[in-house]
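**Q** Can you keep this structure in mind? I'll have questions shortly.
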Amino acid sequence: MSKLKMYILNSYIYICFVLTIPRLSSLNISSINFPEEHLPQYFTAFPNVAEECAKDDNCVYKQYLNSRKCWGYESYCTMENGYKAPSCPGDHKGWVKSKQAQFDTFFSQADFGYVKEQLKELKVMCEPLFIDDSSLECSQYMRFCRGRNLMLNFTNLIKREDNLRYKMDILGPGQIGGYCKVFADRLVKEAEHISPLQSWGPEMRHFVSLNNKPINDNLCDVVIEKPTYIMKIDATVNMYHHFCDFFNLYTSLHVNLSHPHGFSKDNHILIWETYTYESAFKETWNAFTNNPIWDLKTFRGEVVCFKNVVFPLLPRMIFGLYYNTPIIYGCEKSGLFHAFSKHVLNGLNIKLDNRNSDKIRITLLSRETKYRTILNEVELIDKLNENDNFIVNRVVYNRSIPFSNQLTTTHNTDIFIGMHGAGLTHLLFLPDWAVVFELYNCEDSACYSDLARLRGVKYVTWENEDKIIQQDEGHHPEGGSHPKFTNYAFDVDEFIRLVNIGVEHVRSQSSFLEFVKLEQNISHEEL
């Protein structure tokens, strides 16, 4: 056993084994850094905290008390009081037989109903007898797990010379466990999805019952007292794929929400690989944690014990959320995706700018890549600039521009235009009234139209292929023609027609009209 190292980090137990709720003064609600519109749900979820606020003359959140607002997954939550009810304007077809079934299916597939399903599926995998015992529970196929007083043994990593990413042998038999009663049959039954990014089955199948309490009996080289989220992440260079990670982490906060500190950023994040984390989107972690990001090198060669640990939902689950989401036809506006957008924007302090006019703000995302560039981009932008009711901005989102600056531009855009590509993932952070115009989808019609549907912004794409000029047939790196591997020019008049569809939508949205009116009034008062 190497020298004992104890990380004493202002411990608090915040998952399902909590016995008491802290007083408001010790909770410090402002440190949770909620978006303002999420506070009613928070106080409904934790009535003890709401009561403390009501009694405290210094509590500034009294307007959010007693609203009965809820997220949508709580047992007491009605659809009327839920966060934001989805909309199903399209016909119900396919495998549902009624409009209500269509609505219910979308809610359970792609909204807070998905959280509710995870909560229903939770099963105890290792049962404690006393408060200081270990415990483990997981949802079906071990897509989400959480535990208390668990031991993870990383001593074998000292012998591994290969860089570890998407590996399923990081832990071996007996290298994860706790002092509790293991239900081995359940572990075997739920370990069907054995894949690097689909479940925690590759790790949890090795879970064992220990003969001693790992923390109390000094079995650990390191004890982590703050809540820790252990994450397997997708491709960090691609915004679409990396935001699968952030979205599923946010969803996991809700699955795990059983204590007022559940959204606190005083936690740790451990990435399940030995590569040093780096990404153009790394600022996004600031919406989830105040602490540095760890990787497996941090604890190579050591036995680590976690007082509270969460194994979040994964980016490539079968029938998972965001990536591989099987969205039913005709529905849109997931409250869960809307809440995620607000959570990230609030966590990164991204605000809407003041506006002294109702001019439409158009952002065209230009690509600095070999393929899918707009050959007549200057011509299209010049045509947009002819309209005095437009404010046109051409942007290139690359590593030289801080991601928070990118989000500020996106969030202050009414119509976001770009070719098919991961940069269109920015649509998640458009204002509610906005339009995303995927100039050409390159025959991948569902990807960003579905994401726009989930986020609840209008989607427009090119309709008449006779009015596109394709540079060549496209040359896939592995051979053969492919529409994603070439460049395009677009008919100017048809382009403007489609932009005007977006303009008409934005100007028809009450949220846009109210925001512009409010900002104009504020600007007038300042004068």
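**Q** Once amide H atoms are built 1.01 Å from N in the peptide plane, which residues 5 or more positions from Met419, or in another chain, come under 5 Å H to H?
**A** Excluding prolines and chain starts, which carry no amide H, the hits are Leu439.
**Q** Follow-up. Arrange the peptides 315-322, 457-464 so that the one whose residues have, on average, the most other Cβ atoms within 10 Å appears first.
**A** Most protected by this proxy first, the peptides run 315-322, 457-464.
**Q** Then there is this: Taking a ≥ b ≥ c as the square roots of the eigenvalues of the Cα gyration tensor of region 344-468, is the shape rounded (a/c under 1.5), prolate (a/b larger than b/c) or oblate?
**A** rounded
**Q** Could you order peptides 154-165, 187-198, 241-252 by the average number of other Cβ atoms within 10 Å of their residues, highest first?
**A** 241-252, 187-198, 154-165
**Q** Additional query: Could you compute the net charge surrounding Gly474? Neighbours are other residues with a C-beta less than 13 Å from the C-beta of Gly474; K and R count +1, D and E count -1.
**A** Value of the local net charge: -2.
**Q** Given points 7 Å out from each Cα along the Cα-Cβ axis, report the Val492 to Ile469 separation in nanometres with one decimal.
**A** Placing both labels 7 Å along Cα→Cβ, they lie 1.2 nm apart.
**Q** Under a 1.4 angstrom probe, counting protein chains only, how are Glu283, Glu377 ranked by accessible area, largest first?
**A** Ranked list, largest accessible area first: Glu283, Glu377.
**Q** Also: Ranked from the most accessible area to the least, with a 1.4 Å probe and all protein chains present, what is the order of Lys370, Lys265?
**A** Order by accessible area, largest first: Lys370, Lys265.
**Q** Hey, rough spin-label estimate for Lys55 and Asn286, points 7 angstrom out along Cα→Cβ, what's it come to in nanometres?
**A** My value for the distance between the label points is 3.8 nm.
**Q** While we're here: Highest first, please rank the peptides 140-153, 502-515 by the mean number of other Cβ atoms sitting within 10 Å of their residues.
**A** Packing order, densest peptide first, comes out as 140-153, 502-515.
**Q** Additional query: Projecting each Cα onto the charge dipole of region 59-166 (Lys/Arg +1, Asp/Glu -1 at the beta carbon, about the Cα centre), which of Gln118, Pro89, Pro128 comes out farthest on the positive side?
**A** It is Pro89.
**Q** Top to bottom by accessible area (1.4 Å), largest first, where do Asp491, Asp466 land?
**A** Putting Asp491, Asp466 in descending order of accessible area: Asp466, Asp491.
**Q** Which residues' amide hydrogens lie under 5 Å from the amide hydrogen of Lys232, considering only partners 5 or more residues apart or on another chain, with H built in the peptide plane?
**A** Trp272
**Q** Rounded to the nearest 5, what is the percent of antiparallel bridges among the DSSP beta bridges in region 372-527?
**A** So the antiparallel bridges amount to about 25 percent of the total.
**Q** If you put +1 on each Lys and Arg Cβ and -1 on each Asp and Glu Cβ, how big is the dipole of region 461-522 around its Cα centre, in Debye rounded to 20?
**A** My answer is approximately 340 debye.
**Q** Okay, next question. Calculate the dipole size of the chain relative to its Cα centre from +1 charges on Lys and Arg beta carbons and -1 charges on Asp and Glu beta carbons; express the result in debye to the nearest 20.
**A** 1560
**Q** When only C-alpha pairs under 8 Å and at least 6 residues apart count, what is the relative contact order of region 125-273, in percent?
**A** About 23 percent, as a whole number.
**Q** Right, another one. Can you give me the Cα centroid spacing of region 337-373 and region 37-115 in angstrom?
**A** Result: 26 Å between the Cα centres.
**Q** For the chain, what is the percent of antiparallel DSSP beta bridges, rounded to the nearest 5?
**A** Around 40 percent of the beta bridges assigned by DSSP in the chain are antiparallel ones.
**Q** Next question, about the same structure. Need one number: nm distance between label points at Asp132 and Arg394, each 7 Å from Cα along Cα→Cβ, rounded to one decimal.
**A** With each label point 7 Å from Cα toward Cβ, the separation is 6.8 nm.
**Q** What is the extension gain from Leu352 to Asp217, computed as 0.36 nm multiplied by their sequence separation minus the C-alpha to C-alpha distance, in nm to one decimal?
**A** 43.3 nm
**Q** Relative contact order, percent, of the chain when contacts are C-alpha pairs under 8 Å separated by at least 6 residues?
**A** 15
**Q** While we're looking at this one, here's another question. Less than 13 Å Cβ to Cβ from Ala446, Lys/Arg counted +1 and Asp/Glu -1: what total charge do the surrounding residues give?
**A** -3
**Q** When ligands, DNA and RNA are left out and all protein chains stay put, how many square angstrom of accessible area per residue does the chain have with a 1.4 Å probe?
**A** 43
The values are calculated or read from the model by the stated rules, or taken from the named source; none is laboratory data. All figures in this text were calculated on a predicted structure; none of them were measured in a lab. Cβ coordinates were reconstructed from backbone atoms using ideal geometry, including for glycine residues, and neighbour counts include every protein chain displayed. To get the accessible areas, we keep the full protein, side chains included, count just its heavy atoms, and leave off ligands, DNA and RNA. Shrake-Rupley method; radii C 1.70, N 1.55, O 1.52, S 1.80 Å.
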